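Comments concern the structure below.
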Amino acid sequence: MGWKKYLFPGRKLRSFGLMGMNQRNGDYISRYNRRKFYPLVDDKLLTKQLAMEAGIAVPALYGVIEIEHQIGNLAKILADYDDFAIKPAHGSGGEGILIVKGRSKHLYRKLNGVLLSEREIGHHISNILSGMYSLGGQPDKALIEYRVEFSSLFEHVSYQGVPDIRTIVFKGVPIMSMLRLPTRLSDGKANLHQGAIGVGINLANGRTLQGVWCEEIVYHHPDTGYAIEGMEIPNWEQIMRLAAGCQELVSLDYIGVDIVLDAALGPLMLEINARPGLSIQIANQKGLLPFLRQIEDVKKMPESVLERVRLGQKLYEA
Amino acid sequence: MKNLHVILLALTLVIISTALCVYKVVELKLPLLPAEQAHVWAVEARVSFKPTKGPAKVDLRLPKKPQSYMILDENFISGSYGMTLEESDENRVVKWTLRRPRGNQFLYYRMQLIADEMPISEPINVRYPQKKAYPEMMQTAVDALLDEVRSKSADTRSFTHELLLRLNEKNASDNILLLRQGAEKPEMWVQRIISILAGARIPARQANILLLKDGIRHGKLTPWLQTYNGTEWMAFDPYSGASGFPDDSLIWYIGDQPLLTVKNGRAGKIEFSVHKQFHEAEYIARQRSDVKNSSVMALSLFQLPIQTQNVYRVLLMMPLGALLIVVLRNVIGIKSFGTFMPILIALAFRETELLWGLVLFSILVALGLMLRFYLEYLHLLLVPRLASVLIIVVILMVLVSLLTHKLGIERGLSVALFPMVIISMTIERMSLVWEELGPAEALQQGIGSLFIASLGYLLMTNAVLEHMIFVFPEMLLFLLAITLLLGRYTGYRLTELWRFRALLKD
């Protein structure tokens, strides 16, 4: 019967409960995410403000640049900070993020050691404002915020950038998580399609499973050689509750929440995605569909965040 | 069931479209496949002018009994105009009049022709021309030329041929150059030849022909030369001297009078459109719908002016291209720049043909991409940068046209038919993808786009499909049904099987 595997590869994926792009778009995103709430997640400034009001931990906002003219004030805004990150408010897929780690006289030092002048930073912001990184080229805003100092746990399994934890939250219940580790290939970015590693996480106890890198299963970080399996992620409960709490924030039922672990501040919510990708399934070696269907069958969803986290963990262990 | 609504809707659409098709095939006997053999030429002359004060009078010359064609059917679309038809020996003239025209005026004359061996009518009243007096300088030149030609020819045919060869010689003598002066336009050239022939007392006349070529939209008449040898009129190309009329040419009228005269009107213009129709399709459709008074045929695209019909022939193929994109992207999962950009590229390929289209497009995008990277280095703002890319694309198009023209590759000129905004957007997107996701991804998407465009071209230029969708436009409902169903296809894309292959391993 071996040949059937090759003739109908879809059947095997189906039995895994693997969700494809068409099904995600047609059955989940268009059904559960109402268009009118999209601006809340598409504008990172708005998300941040909502989160701050709701008491959800986020990186501190240093300043916002909305019009070209304000680039002149850059020196003033940055005067107090040596470390910071500049992001487009409407960016997607980690595009257009500039991270500065320290200064050298009047120059700014990028994460990879390259020095930038203030003029070059100004040009980067100008590109952000003109909509280079936003969906559909809409005019954008640039956010200047606290640079996350990632937890020392990830020191050996990360190349330059900041690792983050992506969690799919459906109807307020976290159902699947993965740790995203930047590599040399991804140029320090945490996006899988750019070459970052996705590491599955046991939702019930916060221990890492195997990783997936460029669609292949890996057990060691390709740049540092350190094992990525079996790491215990600290503050796991807190991370799960932070992710689950984001559902109320944006009124969307199918979201991906990105959380980073700051060395000093603990888990911080970075952004919410209304169209989370599908590679998380490869990292976890599990399809999303069984979880989604079980939650769709739940008659009365528990109110409290803690109960929803427990429900997600129970489903994962089952 | 969540998909029931879509399925029922699609089913209804399929039933409606199939029923209409079956009715047309069974009852109206419309051919399902294009039949090439017996074709009908549908010719339309469109007169337009802007009226000035006073009653408008429009005279248009029309063919009477065109050589080697038969007029199957003709009609005049003249709205509130009064119309009279006058006949002379060779031609007919339609006279349209209206006392108070308002706004731009349009008048149509349509005819349907089939190729036919008409007996050539006996020439009547051929008058032998009187010797004409030329200005002194010219007189000498004409006499010298006629003497020379006379000595080298045997009859009227060879005389005319010799004369035309000499008059059109590349390295012409001063005499010939003198005779060519002031006759640059084709009509004037033919008249000049006629007046020279009068010097030898050979009757000659101007025949104005329309070249019948499928899909012409702004056609004009071409003046031709005819001489009389005592028994019949013979035709000659006034430039090459070749005898006979070109293939598929219709003598619209004979003589040097203007084709169109407009009294109390400005900017009078006449344009011809020609379309080759399949005999069965058009002829039977018209006949049967007349007999049966079928309301289905009232909605037929054949009712539209031919100019518009030709536009719709292209437009109706676009839904097929759109369906192709749906299949390639949602079922197979090929990546491309933009959603419908490949289809617009494919439309441009219609004009350039596939291979040349691919070559020219790749050259333009590659050059544009190189310059775009240079612009990036200049740190320009987004919108001015896009505009710069557009300007550069136009300059590149001009350069490619000039270069290929110099090299004698006339196909290269068709680069001008590419939609430049599409090219600019492709370059911009490709460069962004290149920088953000790397050259591999950019090339993958670029090749994906060209692959879809090539498939789209092959699909949209398929003669059978074009015939079917034009004669049975209700098939669009069928396409819509398939698209709706595909819109609810939530299965895996073919490329996802590859993407998730790590899970397929045991």
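Relative contact order of chain A, please, whole-number percent, based on alpha carbon pairs below 8 angstrom and at least 6 residues apart. Walk me through the numbers on the way to the answer.
Working: 632 pairs, mean separation 61.7, N = 318.
Here the relative contact order equals 19 percent.
Label B:His5 and B:Ser48 with points 7 Å out from Cα along Cα→Cβ: what is the distance between them in nm?
If labels sit at B:His5 and B:Ser48, their model points lie 4.5 nm apart.
Looking at the stretch A:84-143, which trypsin sites (Lys or Arg not before Pro) are DSSP coil and have at most 16 other C-beta atoms within 10 Å of their C-beta?
Filter output for the stretch A:84-143: A:Lys105.
Rounded to a whole number of µm²/s, how large is the Stokes-Einstein D of chain B at 10 °C and 1.306 mPa s, given Rh as the Kirkwood radius over C-alpha pairs? Don't jump to the answer; show the numbers that get you there.
On the way: Rh = 27.9 Å.
After rounding, the answer is 57 µm²/s.
I'd like the carbon and sulfur percentage of the solvent accessible area for the stretch A:90-195, probe radius 1.4 Å, heavy atoms only, ligands and nucleic acids excluded. It would help to have the intermediate numbers written out before the result.
Details: 1970 of 3970 Å².
It is 50 percent, rounded to a whole number.
Show the residues, 5+ positions off or on another chain, whose built amide H is closer than 5 Å to the amide H of B:Ile216.
Amide H to amide H, under 5 Å and 5 or more residues apart or across chains, B:Ile216 pairs with B:Val274.
Which whole DSSP H helices in chain B pass both tests: a Cα extent of 27 Å or more along the axis and a mean Kyte-Doolittle value no lower than -1.0?
Details: long enough: B:4-26 (32 Å, 2.30); B:354-377 (35 Å, 1.80); B:382-406 (36 Å, 2.14); B:439-460 (31 Å, 1.00).
The answer, listed by residue number, is B:4-26, B:354-377, B:382-406, B:439-460.
From the P(r) of the protein assembly as shown, could you give the percentage of C-alpha pairs in the tail past 45 Å? Provide the component values of the computation, followed by the final result.
On the way: 165031 of 339076 pairs.
When every Cα pair of the protein assembly as shown is considered, 49 percent fall beyond 45 Å.
If I build a Gaussian network model for chain A, linking alpha-carbon pairs within less than 10 angstrom, which residue out of A:Ile197, A:Ile144, A:Ile77 has the largest mean-square fluctuation?
A:Ile77
Could you give the angle, 0 to 90 degrees to the nearest 10, between helix A:44-54's Cα long axis and the longest principal axis of the Cα atoms of chain A?
It works out to around 80 degrees.
Loop by DSSP (not H, G, I, E, B), at most 16 other beta-carbon atoms within 10 Å: where is the longest site-free stretch of chain B for GluC sites (Glu not before Pro)? Each step should come with its number before you reach the end.
Working: sites that count: B:Glu27, B:Glu36, B:Glu117, B:Glu169, B:Glu184, B:Glu232, B:Glu353.
Here the longest segment lacking exposed loop sites spans B:354-506.
So, R0 is 60 Å and r is the distance between the beta-carbons of A:Ser304 and B:Lys213; what FRET efficiency does that work out to, to 0.05?
Details: r = 78 Å, r/R0 = 1.30.
Computed FRET efficiency for A:Ser304 and B:Lys213 comes out at 0.15.
In a GNM of chain A with a 10 Å cut-off on Cα contacts, which of A:Ala264, A:Ala85, A:Ala196 has the highest mean-square fluctuation?
In this elastic network of chain A, the residue with the biggest mean-square fluctuation among A:Ala264, A:Ala85, A:Ala196 is A:Ala264.
Ignoring ligands, DNA and RNA, what accessible area per residue does the protein assembly as shown give at 1.4 Å, in Å²?
Working: 39600 Å² over 824 residues.
Per-residue accessible area for the protein assembly as shown comes out at 48 Å².
Give me the summed buried accessible area for the B-A pair, 1.4 Å probe, to the nearest 100 Å².
That pair of chains buries around 3000 Å² in total.
By a straight-distance test (C-alpha under 27 Å), which lysines pair with B:Lys24 as possible cross-link partners, with residues fewer than eight away in the same chain excluded?
Partners found: B:Lys276, B:Lys292.
Once you've got the GNM for chain A with C-alpha springs shorter than 10 Å, pick whichever of A:Lys87, A:Lys12, A:Lys48 has the biggest mean-square fluctuation.
Taking springs between Cα atoms under 10 Å, the residue moving most is A:Lys12.
Hey, which lysines would be in cross-link range of B:Lys152, C-alpha to C-alpha under 29 Å, not counting anything within fewer than 8 residues on its own chain?
Here the lysines satisfying the reach criterion relative to B:Lys152 are B:Lys131, B:Lys132, B:Lys170, B:Lys185.
Inside 10 Å of the C-beta atoms of B:374-385, what's the mean count of C-beta atoms belonging to other chains?
Numbers: counts 0, 0, 1, 0, 0, 7, 4, 7, 8, 3, 1, 3.
Mean partner shielding for this stretch: 3.
Which distance in nm do the two modelled labels at B:Asp73 and B:Ile114 give, with both placed 7 Å along the Cα-to-Cβ direction?
Those two pseudo-labels are separated by 1.2 nm.
Taking the Kirkwood radius as the inverse of the mean 1/r across Cα pairs, report the Rg/Rh of the stretch A:20-103. Mind showing how you got there, number by number?
Details: Rg = 16.6 Å, Rh = 15.5 Å.
Looking at the stretch A:20-103, the ratio lands at 1.07.
Taking θ = phi - 60°, what integer Hz values does the Karplus form 6.51 cos²θ - 1.76 cosθ + 1.60 yield along the stretch B:45-55, in sequence order, with x for Gly and Pro?
Once θ is set to phi - 60°, the couplings for the stretch B:45-55 become 10, 10, 9, 9, 7, 10, x, 10, 5, x, x Hz.
Give the lysines reachable from A:Lys189 as a straight Cα distance under 29 Å; neighbours fewer than 8 places away on the same chain don't count.
In chain and number order, the partners are A:Lys44, A:Lys48, A:Lys76, A:Lys87, A:Lys101, A:Lys105, A:Lys110, A:Lys141, A:Lys171, A:Lys286, B:Lys335, B:Lys505.
Between B:His405 and B:Glu136, what length in nm is gained on full extension when 0.36 nm per residue of separation is reduced by their alpha carbon distance? Working shown, then result.
Numbers: separation 269, 0.36 × 269 = 96.84 nm, distance 4.32 nm.
Answer, rounded to one decimal: 92.5 nm.
Considering Cα pairs under 8 angstrom that are at least six residues apart, work out the relative contact order of chain B and quote it in whole percent.
Numbers: 758 pairs, mean separation 100.1, N = 506.
After rounding, I find 20 percent.
Ignoring everything but the protein chains, give the 1.4 Å probe accessible area of B:Trp96 in square angstrom, nearest 10.
Estimated to the nearest 10 Å², B:Trp96 gives 0 Å².
Over the whole of B:67-73, what's the average partner chain Cβ count within 10 Å per residue? Rounded to a whole number, please.
0
Taking beta carbons within 10 Å but only from partner chains, what does the mean come to for residues A:22-32?
Working: counts 13, 4, 1, 2, 7, 3, 1, 0, 0, 1, 0.
That works out to 3 on average.
Using r as the Cβ-Cβ distance of B:Arg157 and B:Leu177, and R0 as 25 Å, what FRET efficiency do you calculate, to the nearest 0.05? Kindly include the intermediate steps, with their values, before the conclusion.
On the way: r = 26 Å, r/R0 = 1.05.
Calculated value: 0.45.
The values are calculated or read from the model by the stated rules, or taken from the named source; none is laboratory data. If you're wondering where the values come from, they're calculated on a predicted model, not measured in any experiment. Methodologically, a virtual Cβ is constructed for each residue, glycine included, from the backbone with ideal geometry; neighbour enumeration extends over all protein chains shown. Each accessible area value is taken on the protein alone, full model and side chains, heavy atoms only, with ligands, DNA and RNA left out. Shrake-Rupley method; radii C 1.70, N 1.55, O 1.52, S 1.80 Å.
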